[in-house]
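The values are calculated or read from the model by the stated rules, or taken from the named source; none is laboratory data. Just so we're clear, the structure is a prediction, and the values are computed from it rather than from any experiment. No Cβ is skipped: glycine too gets one built from the backbone with ideal geometry, and neighbour counts run over all protein chains shown. The area values use the complete protein model at the heavy-atom level, side chains included, leaving out ligands, DNA and RNA. Shrake-Rupley method; radii C 1.70, N 1.55, O 1.52, S 1.80 Å.
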Amino acid sequence: MGKFSGEEKVWLADYMHGYAKNIKNGNEARYIYARINQLVDGVTRKSGMSAEFALSKQRGRALEMVTLKVWKAGTVKLAKVQVEQFYGVWRAA
């Protein structure tokens, strides 16, 4: 996943919270917010998270897949923003 600076962590967390706030089920939302914090901090998913948040294993797997796809999209978008900023500064110089 890589290490992120403080500004990058804030940007990624904001991006992920936009996805998480659309979840209506309270347990699923708590699970996703916990995963967001783990992903931003670079911590691996701990075993038994589905049970901890009272989710079936199938629902936990589905949420994990979607959360990781959104995470990947966020990191790609962050990289594009950084490249655009770099070239903007480089062209101005």
Subset of the stretch 68-83 [without any contact (Cβ under 8 Å) to a residue 40 or more places away in the chain and within 15 Å of the chain's Cα centre (by Cα)]
68, 69, 72, 73, 76, 79
Only one of 89, 66 is modelled with pLDDT under 90, open to solvent by 50 Å² or more (accessible area, probe 1.4 Å), out of contact with any Leu (no Cβ under 6 Å at 6 or more places or on another chain) and among the β-branched types (Val, Ile, Thr). Can you tell me which?
89
Kindly check whether there is at least one residue in the stretch 40-58 that is in contact with a Lys or Arg (Cβ under 9 Å, 6 or more places away or on another chain), outside any helix (DSSP H, G or I), open to solvent by 40 Å² or more (accessible area, probe 1.4 Å) and free of Cβ contacts under 8 Å to residues at least 24 places away in the same chain.
yes
Pairs under 6 Å by beta carbon, first residue among the basic types (Lys, Arg) in the stretch 1-20, partner open to solvent by less than 40 Å² (accessible area, probe 1.4 Å), six or more apart or different chains?
9/40
Working only within the stretch 21-36, note down all residues that are in contact (Cβ under 8 Å) with a residue 12 or more places away in the chain and not aliphatic (A, V, I, L, M).
27, 28, 30, 31, 33, 35
